[in-house]
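Novice: A single structure is presented below for examination.
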Amino acid sequence: MKKIGFIPLRKGSKGIPNKNKRKMVGRPLFTWVLGEAIFSDLDEVIVYTDDEAIIDFIEKEYHWTNKVKAITRSKSSATDTALTETAMIEYSESIDYNFDVFCLLQATSPFTKKEDINACLSELNNGFDSALTVVNTHRFLWDKNGKPLNYNPLKRPRRQDFEGLLIENGAVYAVTKHALQSHKNRIGDKTAVITMPEDSFLEIDSESDWIAVESLLIERQKRAKKSKKITHIVLDVDGVFTDGTITYTKDGEHTKSFDMRDGMGLEILRQFDVSIMIMTSENSQLVAKRMEKLKLEHVFLGVKDKYNLLKSIVDKEGISLSNVAYVGDDVNDLTNICSVGWSLAPNNATDIVKLHADVVLSKNSGAGAIREACEFVMNYNKRF
């Protein structure tokens, strides 16, 4: 049974400019649901967009998986007034409905987890032809004429005695091929509902919504942390290995300064069977040469979505994020900082990273911060 995921993205956004590409906890908003789709039971994930920048981003970023494809959608399906079903049917017809299950995923629902996607897919094996995600709200509803819709005000129930209502949160919709062809709609004749946390009902339509959702995501990631033995340490480069500055010559070439004591710290750490990985957004030959000198094999250059790459590595290594220590300094490290077992930040890291890191080191980047981080890991692991 072929199961495809479908993430429609439009270039324009009136409420929040460039909303889909804007960094949510340091990552483009759409990558939150895309990552969960990659690690779910879906066989293929289609990002359907009129934004060439997103297509280019996907083609460069997700070389570590063969599940993701970026497809250009037509202008008519990407207008303000076009229905999502228009894009769904347009793509489905372009591939002659070559799938068994179609799963619509909304990029503006960053709370979606792979478990929510898999739960919807599973229901299609239980006699349902469609499934969707909902939240259970215990709020009392009224119409515009002042009439209650879901309770008797004269017998106001206690919250613990009130079943509430199930409301679509717009995150995940799964439908069989037959139902989609028949109804031209994301919903079929017999629909299952999958409940997600009430936080997932929040919509991102304003700056205040963005702040609220981002804060909740950060707390969700941090609550999932667990203390385990550190088997891997992942390090950013600029602002961690270096002081974050670049020196240019008149010919345009540039140099970076590295602290030799940091290199010794990493060498000592490897003797304690801690695997060392480098993950940087820069694609620099200077960095490649320095890591070659340090005899570091796991070097990932030009990485913009560090969190999904790290999750992929963790899966392949058969460990969990709780076994990872991460050293980063800026906003593009933030999701990893909030998610791994132990996160560390140089003393001169950005304020937002220092706010959420587990440990703020006493040393600055390029001046002993890595050496201090290595000593922390060695001392921490002694308890195991």
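Novice: Name the residues in the range 206-231 that are of a type outside the set (Gly, Ala, Ser) and more than 24 Å from Lys114 (Cα to Cα), would you?
Specialist: Result: Glu207, Lys229, Ile230, Thr231.
Novice: A further question on this structure: Does Thr280 fit the bill of being polar (S, T, N, Q), closer than 17 Å to Glu372 by Cβ, surrounded by 14 or more Cβ atoms within 10 Å (Cβ to Cβ) and under 28 Å from the mean Cα position of the chain (by Cα)?
Specialist: No.
Novice: For Asp143, which of the numbered conditions (1) of a type in the set (D, E, K, R); (2) surrounded by fewer than 20 Cβ atoms within 10 Å (Cβ to Cβ); (3) within 27 Å of Trp32 (Cα to Cα) fails to hold?
Specialist: (3)
Novice: Take the range 146-175 and flag every residue that is in a loop (DSSP other than H, G, I, E, B) and either buried (at least 18 other Cβ atoms within 10 Å of the Cβ) or in contact with a Lys or Arg (Cβ under 8 Å, 6 or more places away or on another chain) (or both).
Specialist: Selection gives Gly164 alone.
Novice: Are any of the residues in the range 234-249 assigned to a helix (DSSP H, G or I) and over 21 Å from the mean Cα position of the chain (by Cα)?
Specialist: No, the range 234-249 contains no residue that is assigned to a helix (DSSP H, G or I) and over 21 Å from the mean Cα position of the chain (by Cα).
Novice: Let me ask something additional. Which residue is modelled with the lowest pLDDT, if the candidates are limited to the range 222-233 and must be under 23 Å from Asn347 (Cα atoms) and either of a type in the set (D, E, K, R) or not in a loop (DSSP other than H, G, I, E, B) (or both)?
Specialist: Lys225
Novice: Okay, next question. Please state which of the following conditions Thr72 fails to meet, knowing it meets all the rest: (1) without any contact (Cβ under 8 Å) to a residue 60 or more places away in the chain; (2) in contact with a strand residue (DSSP E or B) (Cβ under 6 Å, 6 or more places away or on another chain).
Specialist: Failed condition: (2).
Novice: Another question about this same structure. Quick test of your reading of the structure: Asp205 fulfils all but one of (1) in contact (Cβ under 8 Å) with a residue 40 or more places away in the chain; (2) crowded, with 16+ Cβ neighbours inside 10 Å. Name the failing condition by number.
Specialist: With respect to (1) in contact (Cβ under 8 Å) with a residue 40 or more places away in the chain; (2) crowded, with 16+ Cβ neighbours inside 10 Å, Asp205 is out only on (2).
Novice: Within the range 130-142, how many residues turn out to be over 19 Å from Glu115 (Cα atoms) and either in contact (Cβ under 8 Å) with a residue 60 or more places away in the chain or not assigned by TED's automatic domain parsing to the domain that holds Lys155 (or both)?
Specialist: Of the residues in the range 130-142, 1 are over 19 Å from Glu115 (Cα atoms) and either in contact (Cβ under 8 Å) with a residue 60 or more places away in the chain or not assigned by TED's automatic domain parsing to the domain that holds Lys155 (or both).
Novice: Moving to a separate point now. Taking the range 208-238 as the search range and keeping residues that are without any contact (Cβ under 8 Å) to a residue 40 or more places away in the chain and over 18 Å from Ile16 (Cβ atoms), which one is surrounded by the most Cβ atoms within 10 Å (Cβ to Cβ)?
Specialist: So the residue we want is Glu219.
Novice: When only residues in the range 30-50 that are out of contact with any helix residue (DSSP H, G or I) (no Cβ under 6 Å at 6 or more places or on another chain) and either farther than 22 Å from Phe102 by Cα or of a type in the set (Ser, Thr, Tyr) (or both) count, which is surrounded by the most Cβ atoms within 10 Å (Cβ to Cβ)?
Specialist: Thr31
Novice: Restricting to the range 317-355, count the residues that are assigned to a helix (DSSP H, G or I) and crowded, with 18+ Cβ neighbours inside 10 Å.
Specialist: 12
Novice: Taking the stated definitions as given, is Arg290 in contact with a Lys or Arg (Cβ under 8 Å, 6 or more places away or on another chain), closer than 11 Å to Val237 by Cα, in contact (Cβ under 8 Å) with a residue 40 or more places away in the chain and part of a helix (DSSP H, G or I)?
Specialist: Criteria met by Arg290.
Novice: Can you tell which of Val287, Val324, Val303 is under 19 Å from Tyr62 (Cβ atoms) and either not assigned by TED's automatic domain parsing to the domain that holds Trp32 or not aliphatic (A, V, I, L, M) (or both)?
Specialist: Only one candidate qualifies: Val303.
Novice: Here's another thing I want to ask about it. In the range 235-279, which residues are small (Gly, Ala, Ser) and under 20 Å from Asp329 (Cα atoms)?
Specialist: Residues satisfying the conditions are Gly239, Gly244, Ser257, Gly263, Gly265.
Novice: Hey, His178 hits all of (1) loosely packed, with under 15 Cβ neighbours inside 10 Å; (2) modelled with pLDDT under 95 but one; which does it fall short on?
Specialist: Going through the list (1) loosely packed, with under 15 Cβ neighbours inside 10 Å; (2) modelled with pLDDT under 95, His178 breaks only (2).
The values are calculated or read from the model by the stated rules, or taken from the named source; none is laboratory data. From a predicted model like this one, the values you see are computed outputs, not experimental measurements. Cβ sites come from the backbone with ideal geometry, for glycine too, and all protein chains shown count toward neighbours.
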